[in-house]
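The values are calculated or read from the model by the stated rules, or taken from the named source; none is laboratory data. The structure presented is a predicted model; accordingly, all values stated were derived computationally and were not measured. In this analysis, Cβ positions are derived from the backbone assuming ideal geometry, glycine residues included, and neighbour counts consider all displayed protein chains. For the accessible areas, the whole protein counts, side chains as well, though only heavy atoms, and no ligand, DNA or RNA atoms are used. Shrake-Rupley method; radii C 1.70, N 1.55, O 1.52, S 1.80 Å.
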Amino acid sequence: MAHPCYWHDSLATPPVAYSRLDGDIDADVVIIGAGFTGLWSAYYLGNADPSLRIVVLEAEHVGYGASGRNGGWLVGSMAGLDRYIDDWPLAKRQTVCDLLCRNVDDIGAVLEREGIEADYHKGGAVYVAARYPAQEQVQREYLAHLHHIGFRDEDCRWLDPDAMDRIGRFRDQRGGILQRQVATFHPVKLLHGLAVRLVARGVRLYEHSPVEETAPGLARTRHGRVRARHVVTSTEGYTRHLGLKRHILPIESMLIATEPLSSMQWDEIGLAGRQAFGDASRLVTYGQRSQDDRLIFGAQGYYHFGGPARAEFGISARHQRMREGLLNALFPGLGKVSITHGWGGTLGLSRHFRPHAILDAETGMATAGGYAGEGAAMAHLMGQTLAELITGQQTERTRMPWVHANARPAEVLKRWEPEPLRWMSAQAVSASYGLEEAMMQRDLHVPGLSPALNAVNNAVSRMVE
Ligand SMILES: Cc1cc2nc3c(=O)[nH]c(=O)nc-3n(C[C@H](O)[C@H](O)[C@H](O)COP(=O)(O)OP(=O)(O)OC[C@H]3O[C@@H](n4cnc5c(N)ncnc54)[C@H](O)[C@@H]3O)c2cc1C
């Protein structure tokens with residue numbers, strides 16, 4: 001049977017399988033989790049010091065977590081960035097934005113250097129004001145925010161409806177934002193390509209080896225232990241059993257993939273430059289045109305009581321239909337197409353609503369995550385940063401405000417509230433967003449509703465700060 005996740009299903013050859021850890025071994029660094037954060041950390045550690053003994057322990061298999069299930073956007077920005085730099089002088093804010101933009105090019109350069117074929121394509125992204133009029137104001141405000149925070153005009157600019165129409169034929173569009181610093185890629189090709197190269201360089205990678213306990217100098221699985229000076233936890237939304245579980249909120253999101261579309265269908269849709277796309281809805285839509293001419297399209301996040309990470313890949317017919325409906329609503333020219341894949345995964349949200357890279361220099365415990373749905377490129381930056389911290393380098397990355405070079409992860413990261421508070425707040429936020437979306441679609445205006453929702457959201461997120 002085909003894999004429900006298009007990325008896993010579309011590998012030309014079956015991925016290399018790695019054995020389980022059996023017995024006790026010594027290393028310099030043990031990394032928990034074989035997603036982007038774990039594998040990029042291993043990559044940059046090995047580059048910085050080829051003599052380092054590096055072990056990666058993965059509970060399931062490479063790409064089992066969000067890294068093997070996402071929308072395939074590499075975004076040159078960071079969710080929650082304003083929470084770090086809002087009150088900095090503009091020139092300083094711009095250096096941070098420039099670094100985030102460069103990160104997307106850096107990933108492309110590594111893939112090229114390493115000969116990893118992962119369908120990397122830097123076509124930019126359009127955030128379209130489409131489907132209903134209220135989206136225009138939302139996108140204009142978002143663009144003003146991007147400029148205020150320090151993204152340059154040439155990287156993020158407004159496209160009028162004619163210019164947008166030359167990119168894609170979206171329903172009732174009123175223009176939108178073109179963000180140049182976005183690339184699309186095939187996540188699972190990247191992960192497996194990277195894993196193979198790591199192992200060839202001496203990294204010991206074990207699958208089916210869930211870590212049950214970490215302590216300074218130790219990661220313990222049921223069948224073996226790794227003793228190492230540094231222990232890196234890179235489990236993001238899939239954090240389980242480990243001490244950081246209450247610090248990362250698991251949010252589920254889902255995607256669909258269409259069959260490959262014909263050139264006639266693409267003439268109707270546009271996206272000849274393979275731009276990534278999304279609209280301004282609170283449903284958080286994100287799509288791309290894959291290398292083999294499918295539409296890959298995702299939307300919406302959910303929190304489940306108790307915060308379990310999504311284990312299964314496949315999604316229900318109801319969830320598939322909802323995304324199919326949204327996709328058809330965005331592209332009136334799409335017509336009837338077969339949906340060949342539908343899958344979901346779990347991303348991680350920190351209580352501060354912003355990502356982090358942390359090393360406790362005394363105990364050697366390190367972690368990175370909390371990317372809030374924009375982790376594909378961030379995990380590269382954070383993996384590189386963790387490697388620099390661990391090998392004692394000081395770089396522009398290690399000076400970034402999200403880096404804590406000498407701190408306990410459990411002290412930097414606040415805990416989420418206990419249940420049922422977490423679940424109740426998540427339900428309230430989702431319901432209010434759903435209401436707002438329904439009213440905007442019907443062109444019903446309640447003066448002050450959107451700002452009020454934003455204010456509530458901000459208040460909840462800043463309660464701990
Ligand atoms: C549906 C969806 C769509 C997304 N779309 C995008 C997108 O288009 N662009 C973007 O930038 N971001 C996107 N994201 C977010 C992004 O995919 C993640 O932020 C990123 O992949 C996190 O990488 P990671 O390596 O930190 O964690 P993960 O990829 O989640 O990897 C964690 C790994 O740790 C393993 N693990 C957990 N516990 C243990 C243990 N005890 N022992 C051993 N191993 C363990 C898990 O099995 C897993 O393989 C999306 C996420 C989802 C779910």
Can you list, bin by bin at 10 Å, the percent of alpha carbon pairs in the range 275-386, starting at 0?
11, 35, 32, 16, 5, 1
Per residue, how large is the accessible surface of the range 342-453? Use a 1.4 angstrom probe and give square angstrom.
42 Å²
Would you mind computing, in nm to one decimal, how far apart the modelled labels at Ala200 and Ser316 are, each placed 7 Å from Cα along Cα→Cβ?
4.5 nm
How big is the dipole moment of the chain about its Cα centre under a simple scheme where the beta carbon of each Lys and Arg is +1, that of each Asp and Glu is -1, and everything else is neutral? Debye, nearest 20, please.
600 debye
Per residue of the range 4-14, what does 6.51 cos²θ - 1.76 cosθ + 1.60 with θ = phi - 60° give for ³J(HN,Hα)? Whole Hz please, x for Gly and Pro, Karplus curve as stated.
x, 8, 4, 4, 6, 6, 9, 6, 5, 10, x
Angle check, please: helix 187-200 long axis (alpha carbons) against the longest principal axis of the chain (alpha carbons), in degrees 0 to 90, nearest 10.
20 degrees
Among Leu255, Pro355, Ala428, which residue has its Cα positioned farthest towards the positive end of the charge dipole of the chain, with +1 placed on the Cβ of Lys and Arg, -1 on the Cβ of Asp and Glu, and the dipole taken about the Cα centre?
Ala428
Give me the base-10 log of I(q)/I(0) for the chain at each q in 0.07, 0.09, 0.14 Å⁻¹, Debye formula, one uniform scatterer per Cα, rounded to two decimals.
-0.34, -0.57, -1.46
Counting Lys and Arg as +1 and Asp and Glu as -1, each charge on the Cβ, what is the dipole of the range 61-119 about the Cα centre in debye, to the nearest 20?
200 debye
Amide H proximity to Glu60 below 5 Å, modelled H, separation 5+ or other chain, gives His208, Ser209
Nearest-20 debye value, the range 209-312 charge dipole, Cβ charges on Lys, Arg, Asp, Glu
940 debye
How are the Cα pair distances of the range 1-93 distributed, in percent, across 5 Å bins from 0?
2, 10, 14, 16, 15, 14, 12, 8, 4, 3, 1, 0
What list of ³J(HN,Hα) values in whole Hz, one per residue of the range 298-307 in order, does the Karplus curve 6.51 cos²θ - 1.76 cosθ + 1.60 (θ = phi - 60°) give from phi, with Gly and Pro shown as x?
x, 6, 6, x, 9, 10, 9, 3, x, x
Hey, can you grab everything whose amide H is under 5 Å from the amide H of Ala361? Only 5+ residues off in sequence or another chain; H modelled, so Pro and N-termini drop out.
Ala407
Angle between the Cα long axis of helix 449-462 and the longest principal axis of the chain, 0 to 90 degrees, nearest 10?
10 degrees
Pull up all non-local amide H partners of Ala129: gap of 5 or more, or a different chain, and H-to-H distance under 5 Å with H placed in the peptide plane.
Arg174, Gly175, Gly176, Ile177
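What is the gain in length, in nm to one decimal, between Glu396 and Ser425 on full extension, counting 0.36 nm per residue of separation less the C-alpha to C-alpha distance?
Going from the current span to full extension adds 6.7 nm.
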Just to confirm a number: summing +1 for Lys and Arg and -1 for Asp and Glu over residues other than Ala12 whose beta-carbon lies under 14 angstrom from that of Ala12, what do you get?
-3
Using the per-residue mean of other Cβ atoms lying within 10 Å as a proxy for protection, in what order, highest first, do the peptides 388-394, 187-193 fall?
187-193, 388-394
Treating the angle as unsigned and between 0 and 90°, give the value, to the nearest 10°, between the Cα long axis of helix 36-48 and the longest Cα principal axis of the chain.
50 degrees
Whenever you get a sec, compute what percent of the accessible area on the chain sits on carbon and sulfur atoms (1.4 Å probe).
53 percent
List the chymotrypsin sites (Phe, Trp or Tyr not before Pro) within the range 253-305 that DSSP assigns to loop and that have no more than 15 neighbouring Cβ atoms inside 10 Å.
Phe305
Whole-Hz Karplus ³J(HN,Hα) for the range 338-346, in order, using 6.51 cos²θ - 1.76 cosθ + 1.60 and θ = phi - 60°, x for Gly and Pro?
7, 8, 9, 9, x, 8, x, x, 10
